[in-house]
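**Student:** I'd like to ask you about the structure that follows.
Nothing in this text is a laboratory measurement; each read-out follows from the coordinates by a stated rule. Keep in mind that this is a model prediction, so the values were computed, not measured. Neighbour counts are summed over all protein chains in view; Cβ atoms, including those assigned to glycine, are modelled from backbone coordinates with ideal geometry.
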Amino acid sequence: MFEIGFWELVLVAIIGIVVVGPKRLPEVVRTLGLLLRKMRRTISSVRADIERELDLEEMRKLMSDVDEPLKKHVDQLNQSIWQAEYDLRQGGKNLLKMIDEPPYQEPPPAAHSVQTDAEAYRDTGIEPADKSSSPEHHHDDAAR
């Protein structure tokens, strides 16, 4: 990670002995070791968090790619449902109007004038036969 060579370590050890002294040097080295371990753990934790965030970002991107078409389909379904509901409500209103209206009644027939047989024949241009000349009347007269 730091790529420290042998001669750099020797130089740091000499400076440490001069600055800290030979008695306290092991304690300082132990403390530096603990700090380095904590720093490495923190760095690896941050690295893992960043990788997790990147994975989450990729997942969010995938989710949004999938989410958009789904939202469009849901909107279309909602539109269809609303249209069907509107049509049903209109049909219900029309049905209620039909129920509330009185049923259809045929208008009363126009007063027809009763035509006599003579008027009916006159309209056709044929004259009625005399009742006395009809065979039925002759038969009835003979029976009497």
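**Student:** Label points 7 Å out from Cα along the Cβ direction at Met59 and Leu9: separation in nm?
**Tutor:** Label-label distance for Met59 and Leu9, simple model: 4.2 nm.
**Student:** Out of the range 1-36, which trypsin sites (Lys or Arg not before Pro) are coil in DSSP terms and have no more than 14 other C-beta atoms within 10 Å? Working shown, then result.
**Tutor:** Working: sites: Lys23, Arg24, Arg30; in loops: Lys23, Arg24.
Answer in residue order: Lys23, Arg24.
**Student:** With N set to the number of residues, divide the alpha-carbon radius of gyration of the range 10-53 by 2.2 N^0.38 Å and report two decimals.
**Tutor:** Dividing the Cα radius of gyration by 2.2 N^0.38 Å gives 1.65.
**Student:** Can you tell which of Ile99, Thr42, Gln79 lies farthest toward the positive end of the dipole of the range 37-108, using +1 and -1 charges on the Cβ of basic and acidic side chains (Lys, Arg; Asp, Glu)?
**Tutor:** The one lying farthest along the dipole's positive direction is Thr42.
**Student:** Okay, moving on. Among the lysines, which have Cα under 22 Å from the Cα of Lys61 when same-chain residues fewer than 8 positions away are ignored?
**Tutor:** Answer for Lys61, where 22 Å is the Cα cut-off: Lys71, Lys72, listed by chain and number.
**Student:** Suppose each label sits 7 Å from its Cα in the direction of the beta carbon; what would the Val28-Glu106 distance come out to in nanometres?
**Tutor:** 12.3
**Student:** Starting from the Cα-Cα distance between Asp75 and Val19, subtract it from 0.36 nm times their residue separation and give me the gain in nm to one decimal. The partial results should precede the final answer.
**Tutor:** Values: separation 56, 0.36 × 56 = 20.16 nm, distance 7.35 nm.
Residue separation times 0.36 nm, minus the Cα-Cα distance, leaves 12.8 nm.
**Student:** What ranking of Ile99, Ile4 emerges when the number of other C-beta atoms within 10 Å of each C-beta is taken as an exposure proxy, fewest first? Before the final figure, lay out the partial values.
**Tutor:** On the way: Ile99 7, Ile4 10.
Ascending number of Cβ neighbours within 10 Å: Ile99, Ile4.
**Student:** Be a star and scan the range 1-29 for residues whose amide nitrogen sits under 16 Å from the point 7 Å along the Cα-to-Cβ vector of Val46.
**Tutor:** 1-2
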